[in-house]
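Bear in mind these aren't lab numbers, they're just calculated from the coordinates by the rules spelled out. If you're wondering where the values come from, they're calculated on a predicted model, not measured in any experiment. Cβ atoms come from the backbone with ideal geometry, glycine included; neighbour counts cover every protein chain shown.
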Amino acid sequence: MKIIVKEKIGEKMRKNEERYLYYFPEGLIGLENLKEFYFLVRTEELPFYWMVSKNENFSFFVVSPFIICPNYIAEIPDEEINFLEIKDEKEIVLSVIVNRKEFTANLIAPIVLNQNKNIGKQVIIANYKDYSVNFPINYAYIIQENK
């Protein structure tokens with residue numbers, strides 16, 4: 001059951017001033033020791049939000065890939081769907097890490113969350129050749145689309 005995510009789902013992450021704790025059994029790519037992250041949503045920073053390590057002084061700026069790349073399609077491999085215990089695509093929240101210095105995003109390895117089980121994993125999508133780790137973010141487009 002390969003799930004192909006191609007639309008914005010998982011509205012749980014859009015509430016005001018909320019924190020959600022997610023467990024990453026394998027950590028992140030290159031940061032395997034970081035296992036627990038809060039997702040911190042601040043109204044004034046939407047559509048961006050923070051992914052903050054619970055036990056380390058480490059954080060990422062993240063955003064929904066569908067906000068910066070409306071035609072984004074994430075083909076999530078079956079083994080990742082099974083690992084995250086996902087039974088329905090409505091359980092999925094996708095985020096991508098933003099490089100704030102270059103204002104780019106990694107569309108090849110999104111953060112995939114099961115919002116019902118509060119577990120997550122950074123996944124290399126099956127269709128990674130269609131995207132970039134340095135996808136340029138067009139801030140003017142984001143402002144226009146989120147009015």
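At an R0 of 35 angstrom, the distance between the Cβ atoms of residue 44 and residue 73 translates into a FRET efficiency of 0.70. Taking Lys and Arg as +1 and Asp and Glu as -1, the other residues whose beta-carbon sits under 12 Å from that of residue 32 total +1. A simple packing score, the average count of other Cβ atoms within 10 Å per residue, orders the peptides 103-114, 21-32 as 103-114, 21-32, with the highest score first.
The order of the peptides 52-58, 125-131 by mean Cβ neighbours within 10 Å, most packed first, is 125-131, 52-58.
Rounded to the nearest whole Hz, the Karplus-based 3J(HN,Hα) values (6.51 cos²θ - 1.76 cosθ + 1.60, θ = phi - 60°) of the stretch 20-37 follow the sequence 10, 9, 10, 9, 10, x, 9, x, 9, 4, x, 9, 5, 7, 8, 10, 10, 9, with x at glycine and proline. Modelled spin labels at residue 85 and residue 57, positioned 7 Å past Cα toward Cβ, are 3.4 nm from each other. If R0 is taken as 25 Å, the Cβ-Cβ distance between residue 132 and residue 26 corresponds to a FRET efficiency of 0.60. The H on the amide N of residue 36, modeled in the peptide plane, is under 5 Å from the matching H of 24, 54, 55, each at least 5 residues off or on a different chain.
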